[in-house]
Amino acid sequence: MNVIYNNDLSVEDYCRLRKSVNFYDIPETEVKRALERSDFIVTAAVDGIKVGMARFMTDGTQILIMDVIVHPDYQHKGIGRGLLERIREYIEKMDYNRMLVNLLTDIKNVGFYEKLGYSRAEGMRLWLKHGE
Ligand SMILES: CC(C)(COP(=O)(O)OP(=O)(O)OC[C@H]1O[C@@H](n2cnc3c(N)ncnc32)[C@H](O)[C@@H]1OP(=O)(O)O)[C@@H](O)C(=O)NCCC(=O)NCCS
């Protein structure tokens with residue numbers, strides 16, 4: 001299987017990939033803004049179809065990785081590792097003294113991230129809806 005890693009991602013492919021792993025829906029206008037504001041996006045394609053993605057935002061001292069997604073038909077083939085390795089390569093070329101790379105994930109994915117050098121940390125989150 002030939003996997004091509006790239007940096008372009010359409011709103012449609014982003015929504016399709018999120019849906020494939022049952023992430024909640026985001027309206028297309030918000031998706032467009034979120035992708036534009038991302039500092040780095042990496043995608044994986046097989047036969048011209050996007051099958052994986054990851055992205056991050058940064059203030060130059062910390063990074064927040066989001067949307068690490070591999071389509072279920074393509075999981076356990078090394079694509080998730082490939083995405084995160086490319087993120088790491090990009091970060092290592094950035095200008096920084098110390099960089100803290102953060103992400104939130106389900107407990108079921110902890111082993112995946114540990115294999116890539118990440119360690120567990122406590123996290124907190126607050127869900128808000130417009131008008132609440
Ligand atoms: C988590 C996810 C990105 C992993 O992608 P993947 O392409 O299946 O992972 P890889 O095949 O690159 O796996 C890399 C290594 O991690 C291991 N691994 C993969 N998923 C794992 C898991 N859930 N728990 C423990 N180890 C895991 C693999 O066995 C492999 O090990 P190896 O290198 O020793 O052979 C993918 O399962 C996914 O998209 N899940 C749904 C969306 C999601 O929850 N994303 C995380 C949100 S932050």
> Taking segment 37-61 on its own, how many of its residues are assigned to a loop (DSSP other than H, G, I, E, B) and not small (G, A, S)?
Replying inline: 4
>> Against the condition within 12 Å of the chain's Cα centre (by Cα), modelled with pLDDT of 95 or more and among the acidic types (D, E), how does D39 come out, does it pass?
In response: yes
> What are the residues in segment 96-115 that are touching a strand residue (DSSP E or B) at 6+ places or on another chain (Cβ under 6 Å) and within 13 Å of the ligand (Cβ to nearest atom), if any?
Replying inline: V101, N102, L103
> For L128, are the conditions met, namely being without any contact (Cβ under 8 Å) to a residue 40 or more places away in the chain, within 7 Å of the ligand (Cβ to nearest atom) and within 26 Å of E36 (Cα to Cα)?
Replying inline: no
> Looking at (1) in contact (Cβ under 8 Å) with a residue 12 or more places away in the chain; (2) more than 24 Å from K19 (Cβ to Cβ); (3) among the small types (G, A, S); (4) within 9 Å of the ligand (Cβ to nearest atom), can you tell me which one A44 breaks?
Replying inline: (2)
> Scanning for something within 16 Å of the chain's Cα centre (by Cα) and more than 24 Å from V11 (Cα to Cα), does segment 46-68 turn up at least one residue?
Replying inline: yes
> Only one residue in M1, M53 is within 17 Å of H71 (Cα to Cα) and at pLDDT below 95, so which one is that?
Replying inline: M1
> In segment 105-125, what residues are in a loop (DSSP other than H, G, I, E, B), at pLDDT 95 or above, loosely packed, with under 12 Cβ neighbours inside 10 Å and out of contact with any helix residue (DSSP H, G or I) (no Cβ under 7 Å at 6 or more places or on another chain)?
Replying inline: G117, S119, A121
> Out of segment 63-95, which residues are assigned to a helix (DSSP H, G or I), within 7 Å of the ligand (Cβ to nearest atom) and crowded, with 19+ Cβ neighbours inside 10 Å?
Replying inline: I79, G80
>> Can you find a residue that is part of a strand (DSSP E or B) and touching a residue at least 60 places away in the same chain (Cβ under 8 Å) anywhere in segment 2-9?
In response: yes
> Hey, does segment 9-23 have a residue that's at pLDDT 95 or above, closer than 16 Å to G82 by Cβ and crowded, with 16+ Cβ neighbours inside 10 Å?
Replying inline: yes
> What residue, of T29, T58, is over 24 Å from I4 (Cβ atoms), away from the ligand (no atom under 14 Å from the Cβ) and surrounded by 15 or more Cβ atoms within 10 Å (Cβ to Cβ)?
Replying inline: T58
> What number of residues within segment 11-32 satisfy the criterion of being part of a helix (DSSP H, G or I) and without any contact (Cβ under 8 Å) to a residue 12 or more places away in the chain?
Replying inline: 4
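The values are calculated or read from the model by the stated rules, or taken from the named source; none is laboratory data. Nothing here was measured: the structure is a model prediction, and the numbers come from that model. Here the Cβ is made from the backbone with ideal geometry for all residues, glycine too, and neighbour counts use every protein chain on show.
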